[in-house]
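So the structure is just underneath, and the comments pick up after that.
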Amino acid sequence: MMRVAPKTLSRKFTTTSYRRLASAVNAGISAAWTKTPSEFTVTSQTGFLPRHDPLPVLPSYFEKLEEILDEMPINKGDGTYGLLHSGRFGERIERELPVYDVDFIFDSRILSALYRDYTFLASAYLLEPCDIQYRLARNYGLARRVLPANIAVPLKT
């Protein structure tokens, strides 16, 4: 690395030129910031949460994912038992959930909703055996150790 003497630097860049450069850069950042604030800006309205709520329901492309999520709870909203109650959640995931391609999705609201839904699926899938064992014998069994590709691959991207 070549060292440049301070005297040479002071001839090329004065304090005034640094101020002008910093002002121009900061003005650009400030303008861009006010026009398009980041989805994850910390605000007094949402704190550390995203500025917009994720979608409550995913687009129709994810129909099977939505169907499984609706059937997942131990006790569903209509008073019936769901897949986690019967211990059939993992089987249903392995048998019916496709490996969705999410590489073409750039909408932040859809991505947030997908992340929310896939993390719920991952947690429920891994911990379902523990819950069943606890309800039967009041002690926790072992969780599943591996996520299937139909949950892991969309989470990876």
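Taking all protein chains as they are arranged and a probe of 1.4 Å, the heavy atoms of Thr46 leave approximately 40 Å² accessible to solvent. The accessible area of Val99, taken with all protein chains in place and a 1.4 Å probe, comes to roughly 80 Å². Computed from point charges on the beta carbon alone (+1 for Lys and Arg, -1 for Asp and Glu), the dipole magnitude for segment 28-157 about its Cα centre is near 480 Debye. At a 1.4 Å probe radius, carbon and sulfur cover how many percent of the accessible area of segment 56-115? Whole-percent figure for carbon plus sulfur exposure: 54.
Solvent exposure of Arg116, expressed as accessible area, is near 60 Å², computed with a probe of 1.4 Å over the protein chains only. Looking at segment 31-157, the accessible area is 65 square angstrom per residue; that uses a 1.4 Å probe and ignores ligands, DNA and RNA.
The values are calculated or read from the model by the stated rules, or taken from the named source; none is laboratory data. Quick caveat: nothing in here was measured; it's all calculated off a predicted structure. Positions of Cβ are backbone-derived with ideal geometry, glycine not excepted, and every protein chain shown enters the neighbour counts. Calculation scope for accessible area: heavy atoms of the full protein, side chains included, ligands and nucleic acids excluded. Shrake-Rupley method; radii C 1.70, N 1.55, O 1.52, S 1.80 Å.
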